[in-house]
Amino acid sequence: MKIALGVDHAAFGYKEAIRAELERLGHAVLDCGTDGPASVDYPAIALAVARAVRGGEAEFGVFLCGTGIGGSIAANKVRGVRAALCHEAFTARMARLHNNANVLCIGARVVGLDLALEIVRVFLATAWPNEARHARRLALIADAEAETVTSS
């Protein structure tokens, strides 16, 4: 798979380890930034990751910032993106199983590197089962998303 990877300055120290793990797992990486520890605006990078997923340039996205909160908020503004903020393997697994999440957000100031790598592995290894009850709930979210777009 191709994975869009983006980090802000707070998570820059994690970027190469996550890239290496993605490549070790056989994935291609689309680098969405940043390329150094200088302060950057996290929404621009989170949106680049989300737009790469929406546009089909990547199957999934991984974004890290200080807490993961801002990145998940920004990414979820992109229609068709279901970004999940995960702090451990359980929420990463549930994000895929119940929500068919396609962008993973992690807080580098909240989660240590080893745990972040585990979260990435679990998220990408968990397949969406497309069960009717979860698909119905996602359809409700998509309907609300479409309503918001048309009423703006």
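Each reported figure results from applying straightforward, stated rules to the coordinates on display, with no laboratory input. All figures in this text were calculated on a predicted structure; none of them were measured in a lab.
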Legend entry - 3J(HN,Hα) from dihedral phi, the range 103-111, Karplus parametrisation 6.51/-1.76/1.60, rounded to Hz, x for glycine, proline: 10, 9, 10, 9, x, 6, 8, 10, 10
Legend entry - Pairs of alpha carbons in the range 62-152 whose separation is greater than 17 Å (percent): 50
Legend entry - Using distinct alpha-carbon pairs, which all enter the 1/r mean, Kirkwood radius of the chain in Å: 15.2
Inset, instruction - Give a residue-ordered list of calculated ³J(HN,Hα) values for the range 43-58 (Karplus: 6.51 cos²θ - 1.76 cosθ + 1.60, θ = phi - 60°; whole Hz; x for Gly, Pro). - result: x, 4, 6, 4, 5, 4, 4, 4, 5, 5, 5, 4, x, x, 6, 9
Legend entry - Cα gyration tensor shape for the range 1-89, rounded if a/c is under 1.5, else prolate or oblate: rounded
Legend entry - Top of 12, 90, 63 by mean-square fluctuation, Gaussian network on the chain, Cα under 10 Å: 90
Legend entry - Karplus-derived 3J(HN,Hα), 6.51/-1.76/1.60, for each residue of the range 71-83, Hz, glycine and proline x: x, 5, 4, 4, 4, 6, 7, 8, 4, x, 9, 10, 8
Legend entry - For the chain, calculated [θ]222 nm from helices alone, where every DSSP H run of n ≥ 4 adds -39500 (n - 2.57): -16000 deg cm²/dmol
